[in-house]
Amino acid sequence: MKPAARHLLGIEDLDPREIVQFLDTAEVFFDVSRRRVRKVPTLRGKTVINLFYEASTRTRTSFELAGKRLSADVVNISASSSSASKGESLYDTLKTLEAMRPDVIVVRHPHSGAPHFIARHTQAGVVNAGDGTHEHPTQALLDAFTIRRAKGRIGELVVTIAGDIAHSRVARSNIHLLTRLGARVRVCAPRTLLPVGVEALGAEVFTDFDAALEGADVVMMLRIQHERLTEALIPSTREYSRTYGLTAKRLSAARPDAIVMHPGPMNRGVEIDPSVADGRQSVILDQVEAGVALRMAVLYLLAAEVGQSPLT
Amino acid sequence: MTAAPEIVLDGPAIAATLDQMALAIATKFKPSTPVALVGIRRGGVPLAEALGARLSAQHRRNVLRGAVDITLYRDDAATALPNPLIGRSDIAFELAERVIVLVDDVLYTGRTVRAALDALLDYGRPKAVSLAVLIDRGHRELPIAADFIGLSLDTEADARVEVVMGPEGPERVELRRR
């Protein structure tokens, strides 16, 4: 079942035309974010709830600013300070919030599929801000936006995604999106950090990092998600860093104009050397800036859809 | 059945009308006053171009040009159909100390101009703003008036007035009665 357009639950649900529409709309909001008055009155009177069951600085702040720059009222709820810590179920939390008539609920949850559950039980639009190891669609969209601005296109580019692919919703959403727009996606990790069946998503699989970097246009580094590791999948952080850490020397195998990306949070000195993270080819802070514009586009397009079916 | 549209202005008449409007703008503002023409997307942009070209060719006045898109400023933005085709606003100059002439093709309810004023003022604080329209067709819903009017037209509220654009700019103005 394809969810209604008032939700953004995953990149898997989107066709290339819808993806490009998000990117094109974000260009306009990128302009707004660079003006002196970084605010438009578009969503005045609308309410956005950020419901975060996992720690987040970047994504939550980005959604909060996106909502505020559209003049929506934004409320942040984090699980540690909410009734969830007193044992309230997700369903009851949702019904309580629903009674306050939000227009859009942005949700991050450690369980894959939680945003889909919420979407089935609310009249608000739902944005998945990361669910377990499943998807993180706005991250993939802002990554694509950043790549398109840096490279002028996405099709035909060689994109190497390296790190903890198995536990990464960022990797999953990016593989869906980039392959859909015609990029050649490589994933690279030790076998223990590669999900079963990753080839089926259309990515080429590498375990040799140097080979994976050869001729790449885009290098996307991911951190090891220690909080999701239930067993020892890497011998040691030092060993991992030696084999899969991106150094300036390793990066020289990629195209000279290759860009380096990281969705954050970074573990400097582990998956990425500080000289690369802060180097000439890094677009890591461009990704953060793009995040606000892209999320403005998402909230704008979704809230307008919600406006079509007035809450009863 | 709708009747065939009446041609209110043809190509030469539009050209003559724009000549008069450019003259009025050049007369109203001293050459020492920095003026910029800002077209309201989409209909106002080619008209701002046409007026700017005339100010330069006929009055040796070089004025800056820009564009505002009002999609995000509409008073029905949150309830109207989502419009994924938001135009880019393009104001590449400081508004302070400058006189801005907003340009649109047809002035009707005034709601577009209200939105354009809000959009414009988010870019800065111009010295003054005035409004130039090719057609004023009446039926205002807000207290808005134009300073430079090409043609005032008596219309029924449900009639349609359209400035038809060609590759070279405005080609004709059509009035469709219901």
Of the residues in the stretch A:143-188 that are in contact (Cβ under 8 Å) with a residue 12 or more places away in the chain and basic (K, R), the one that is farthest from A:M266 (Cα to Cα) is A:R180
If we keep only residues of the stretch A:75-93 that are of a type in the set (A, V, I, L, M, F, W, C) and within 23 Å of the chain's Cα centre (by Cα), then the residue nearest to A:T122 (Cα to Cα) is A:L90
Of (1) within 15 Å of the chain's Cα centre (by Cα); (2) more than 14 Å from chain A (Cβ to nearest Cβ); (3) not aromatic (F, W, Y), B:A115 satisfies every one except (2)
Apart from one, (1) closer than 18 Å to B:G43 by Cβ; (2) surrounded by 16 or more Cβ atoms within 10 Å (Cβ to Cβ); (3) of a type in the set (A, V, I, L, M, F, W, C) all hold for B:L95; the odd one out is (1)
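Could you say whether any residue in the stretch B:124-140 is within 14 Å of chain A (Cβ to nearest Cβ) and under 18 Å from the mean Cα position of the chain (by Cα)?
Scanning the stretch B:124-140 turns up at least one residue that is within 14 Å of chain A (Cβ to nearest Cβ) and under 18 Å from the mean Cα position of the chain (by Cα).
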Listed by first then second residue, the pairs whose first member lies in the stretch A:76-90 and is free of Cβ contacts under 8 Å to residues at least 60 places away in the same chain, whose partner is surrounded by 13 or more Cβ atoms within 10 Å (Cβ to Cβ) and assigned to a strand (DSSP E or B), with beta carbons under 6 Å and at least 6 positions apart or on separate chains, are A:N76/A:N50; A:I77/A:L51; A:S78/A:F52
Reported set for the stretch B:134-143 where residues are buried (at least 16 other Cβ atoms within 10 Å of the Cβ) and touching a helix residue (DSSP H, G or I) at 6+ places or on another chain (Cβ under 8 Å) is B:L134
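Mind listing whichever residues of the stretch B:145-164 are crowded, with 17+ Cβ neighbours inside 10 Å and either within 17 Å of the chain's Cα centre (by Cα) or assigned to a strand (DSSP E or B) (or both)? Before the answer, list the steps.
Here is the first cut: in the stretch B:145-164, the ones crowded, with 17+ Cβ neighbours inside 10 Å are B:146, B:148-151, B:153, B:155, B:161, B:163.
Listed by number, the residues that qualify are B:A146, B:F148, B:I149, B:G150, B:L151, B:L153, B:V161, B:V163.
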The number of residues in the stretch A:226-257 that are farther than 20 Å from A:S168 by Cβ, β-branched (V, I, T) and free of Cβ contacts under 8 Å to residues at least 12 places away in the same chain is 0
By residue number, the members of the stretch A:25-56 that are in contact (Cβ under 8 Å) with a residue 40 or more places away in the chain and assigned to a loop (DSSP other than H, G, I, E, B) are A:T42, A:L43, A:K46, A:Y53, A:E54, A:S56
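Could you pull out the residue among A:G279, A:G269 that is over 22 Å from the mean Cα position of the chain (by Cα), over 30 Å from A:A72 (Cα atoms) and at pLDDT 95 or above?
The conditions single out A:G279.
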The condition of being surrounded by fewer than 22 Cβ atoms within 10 Å (Cβ to Cβ), away from chain B (no Cβ under 14 Å) and touching a Gly at 6+ places or on another chain (Cβ under 8 Å) holds, among A:S89, A:S83, A:S112, A:S78, only for A:S112
Residues of the stretch A:8-65 being under 19 Å from A:E305 (Cα atoms), within 21 Å of the chain's Cα centre (by Cα), surrounded by fewer than 21 Cβ atoms within 10 Å (Cβ to Cβ) and facing chain B (nearest Cβ under 9 Å), in sequence order, are A:Q21, A:D24
Okay, strands (runs of 3 or more DSSP E) sitting entirely in the stretch B:1-103 with 3 or more residues that are more than 14 Å from chain A (Cβ to nearest Cβ) and within 13 Å of the chain's Cα centre (by Cα), I get B:35-40
Of the residues in the stretch A:119-164, those that are of a type in the set (V, I, T), more than 18 Å from A:A5 (Cα to Cα) and at pLDDT 95 or above number 7
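The values are calculated or read from the model by the stated rules, or taken from the named source; none is laboratory data. Note that the structure is a prediction, hence the values are computed from the model and not measured. Cβ: placed from backbone, ideal geometry, glycine included. Neighbour counts: every protein chain shown.
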